[in-house]
Amino acid sequence: MSIENNKRIARNTAILYFRMLFTMAVSLYTSRVVLNTLGVEDFGIYNVVGGIVTMFSFLNNAMSSGTQRFLSFELGRNNFEQLTKIFSMSINIHVTIALIIFILAETVGLWFLNTYLSIPAERMIAANWVYQLSILAFMITVSMVPFNASIIAHEQMNVYAYASIIEVALKLLIVFMLQWFGFDKLKLYAILILGVSLTISAIYIIYCRRNFKECRYQYFWDKTLYKTLMSYAGWNLWGNVAAVSFNEGINILLNIFFGPVVNAARGIAFQVNGAVNGFVSNFQMAMNPQIVKSYAAEDKKYMDQLIFQGSKYSFFLLFLLSLPILLEIDTILLWWLKVVPEHTALFCRLVLINALIDCISGPLITAAQATGKIKKYQTVVGGLLLLNLPVSYIFLKLGYNPEITLYVAISFSFIALLSRIYMLRTMIQLSAKKYMRFVVFRIMNVAGYAIIIPLGLSFYFTNELLRLVITVPTSVIMTLISIYFIGINKEERVFVKNRIFLIFHK
């Protein structure tokens, strides 16, 4: 059974990688054109204003992870009747969440936008346009969660590949449309992005209704099931508030202290992170349902294997892509954007370092959520991550540079990783000693050995083009060598050898 599951994970990962390569190429191009078309200031305004709406996503994120968990769990138990009930109840809850977000956004959020954000007076009308359209787009996204969760639970990742190709194609069209019309470009960009959200949501709804029997909404209310879902979501709330405070809360803090230009720099850094981290997210998206299903089937051996390999391979994938960027980000940004906002390069490096720590935690988070007993887990881990915002505020108030917010985030991400490992000892009887030995220490050794030669070359060559041409392939080669000889065990090396043999003898 585990062999078939591993094949499914590999197939889904391959599909998602194809999707990611295409979307990354188009997204990086469109980001540059949008930045140059809107200008640094308007680009920063779009990032921070849209971030106010996203701040309310902690309600949705808390529930969406629960929806996916319960759907995957019932699929693992082959309980179709309960699956149907969970889907319909999730629709009820998410529509309610969308309405709550609408009320909060049109009261507290609107007041905050017009009172505290650092936006030039002549751009306030455009900022309010962006805000209202972002609210509509976000409400649509919230309502679609049960459909997206169903696709992930059924492991139909090809749907994401097709939908993503359509999405990036539409966003590429937006880039050209910004040039065609004389309308305020910031307002037009927000309108067109809303149109893309409506189109992609329609695709997901149609697919789910045609392919999954449980995705036929019928009004249903079960008090017990409601309490179960909301109890899980309630304790999950802490972790999601922490994530939102790090992403959007910090973004707003930076706007208040430094203005929209720094928001533009941070926005670019997170686009770079999104493009690179998407490869790991796709791998974990393909693997997460199997972790939940193996827990539901009480197959602890296979679940532990998924956790160990998932954490390790997630880091290897991200490090392979990140190391060349970490070393040559200045040259890459200059060639990519032409106009590079101040602070962007260091933001990019720190965001990627933080992502390298966080990616290790992905399978641990899924394993904790699979148990359904997350009260203590979320209290501790969520509480730790929530400290990001107040600690960052203290440092900014003391006069530190904007990059201090990411140094704080890196510190708390590392502490949170150690906390997850410790807590899973009792939640799923995870061996912390084995995890540290076979995952954490191995990836530290891989990173340490892989970086030595590329780092030396980056200091030795002064010509930017020559340094880039030599350093990037060297980084990839040294990382692959380190992974093969240090990062994987004997059985994994045999598997790699066999796959290479098959490739060259077909």
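With (1) free of Cβ contacts under 8 Å to residues at least 12 places away in the same chain; (2) under 24 Å from Ser72 (Cα atoms) as the list, and Val292 as the residue in question, which single condition is left unmet?
(1)
Taking the options Ser143, Ser197, Ser150, name whichever one is small (Gly, Ala, Ser) and open to solvent by less than 20 Å² (accessible area, probe 1.4 Å).
Working: Ser143 fails: open to solvent by less than 20 Å² (accessible area, probe 1.4 Å); Ser197 fails: open to solvent by less than 20 Å² (accessible area, probe 1.4 Å).
The unique qualifying residue is Ser150.
Can you pull out every residue in segment 110-136 that is within 29 Å of Tyr217 (Cβ to Cβ) and either surrounded by 21 or more Cβ atoms within 10 Å (Cβ to Cβ) or among the hydroxyl-bearing types (Ser, Thr, Tyr) (or both)?
Leu133, Ser134, Ile135
Scan segment 420-447 residue by residue and report those that are without any contact (Cβ under 8 Å) to a residue 60 or more places away in the chain and either among the β-branched types (Val, Ile, Thr) or under 29 Å from Gly267 (Cα atoms) (or both).
Arg420, Ile421, Thr426, Met444
Between a residue in segment 62-79 that is over 23 Å from Ser245 (Cα atoms) and any residue that is part of a helix (DSSP H, G or I) and modelled with pLDDT under 70, which pairs come within a Cβ distance under 8 Å, given they are 6 or more apart or on different chains?
The qualifying pairs are Arg69/Tyr232; Phe70/Tyr232.
Checking Cys208 against (1) within 20 Å of Arg123 (Cβ to Cβ); (2) modelled with pLDDT of 80 or more, which single condition isn't satisfied?
The number of the failed condition is (1).
If you check Trp238, Trp221, which single one turns out to be assigned to a helix (DSSP H, G or I), at pLDDT below 80 and open to solvent by 20 Å² or more (accessible area, probe 1.4 Å)?
Trp238
Of the residues Leu346, Leu386, Leu396, which single one is among the aliphatic types (A, V, I, L, M), under 19 Å from the mean Cα position of the chain (by Cα) and on the phi < 0 side of the Ramachandran plot? Please lay out each step first, then the result.
Details: Leu346 fails: under 19 Å from the mean Cα position of the chain (by Cα); Leu396 fails: under 19 Å from the mean Cα position of the chain (by Cα).
Of the residues listed, the single one that is among the aliphatic types (A, V, I, L, M), under 19 Å from the mean Cα position of the chain (by Cα) and on the phi < 0 side of the Ramachandran plot is Leu386.
At least 1 residues that are closer than 20 Å to Phe347 by Cβ and in contact with a Lys or Arg (Cβ under 9 Å, 6 or more places away or on another chain) in each: list the helices (runs of 4 or more DSSP H) lying fully within segment 385-473 that qualify. Steps first, answer last, please.
Details: elements: 388-397, 404-427, 432-435, 441-460.
In segment 385-473, the matching helices (runs of 4 or more DSSP H) lie at 404-427, 441-460.
Quick check, is Phe102 open to solvent by 40 Å² or more (accessible area, probe 1.4 Å), under 30 Å from Phe257 (Cα atoms) and touching a helix residue (DSSP H, G or I) at 6+ places or on another chain (Cβ under 8 Å)? Give the derivation first.
On the way: open to solvent by 40 Å² or more (accessible area, probe 1.4 Å): yes; under 30 Å from Phe257 (Cα atoms): yes; touching a helix residue (DSSP H, G or I) at 6+ places or on another chain (Cβ under 8 Å): yes.
The answer is yes for Phe102.
In segment 448-465, is there at least one residue being touching a Phe, Trp or Tyr at 6+ places or on another chain (Cβ under 6 Å), on the phi < 0 side of the Ramachandran plot and surrounded by 14 or more Cβ atoms within 10 Å (Cβ to Cβ)?
From segment 448-465, those touching a Phe, Trp or Tyr at 6+ places or on another chain (Cβ under 6 Å) are none; that's our starting set.
There is no residue in segment 448-465 that is touching a Phe, Trp or Tyr at 6+ places or on another chain (Cβ under 6 Å), on the phi < 0 side of the Ramachandran plot and surrounded by 14 or more Cβ atoms within 10 Å (Cβ to Cβ).
Give segment 154-188 a look and list any residue that's open to solvent by less than 40 Å² (accessible area, probe 1.4 Å) and closer than 30 Å to Ile91 by Cα, or say none.
Hits for segment 154-188 are Glu155, Met157, Val159, Tyr160, Ala161, Ala163, Ser164, Val168.
Condition first: surrounded by 20 or more Cβ atoms within 10 Å (Cβ to Cβ) and aliphatic (A, V, I, L, M). Now tell me which residues in segment 375-385 satisfy that.
To start, the set of residues in segment 375-385 that are surrounded by 20 or more Cβ atoms within 10 Å (Cβ to Cβ) comprises 377-378, 381-382, 385.
Listed by number, the residues that qualify are Val381, Leu385.
Taking the options Val496, Val476, name whichever one is at pLDDT below 80 and either under 27 Å from Ile325 (Cβ atoms) or not in a loop (DSSP other than H, G, I, E, B) (or both).
Of the residues listed, the single one that is at pLDDT below 80 and either under 27 Å from Ile325 (Cβ atoms) or not in a loop (DSSP other than H, G, I, E, B) (or both) is Val496.
Give the residues of segment 155-183 that are at pLDDT 75 or above and among the charged types (D, E, K, R), sorted by residue number.
Glu167, Lys171
Here are some conditions: (1) farther than 30 Å from Arg77 by Cβ; (2) small (Gly, Ala, Ser); (3) surrounded by 18 or more Cβ atoms within 10 Å (Cβ to Cβ). Gly310 meets all but one. Which one does it not meet?
So Gly310 meets the others, but not (1).
The values are calculated or read from the model by the stated rules, or taken from the named source; none is laboratory data. What you see is a predicted model, and the numbers here were worked out from it, not measured in a lab. Every residue, glycine among them, receives a Cβ derived from its backbone with ideal geometry; neighbour counts consider all protein chains shown. For accessibility, only protein heavy atoms count, side chains too; no ligands or nucleic acids. Shrake-Rupley method; radii C 1.70, N 1.55, O 1.52, S 1.80 Å.
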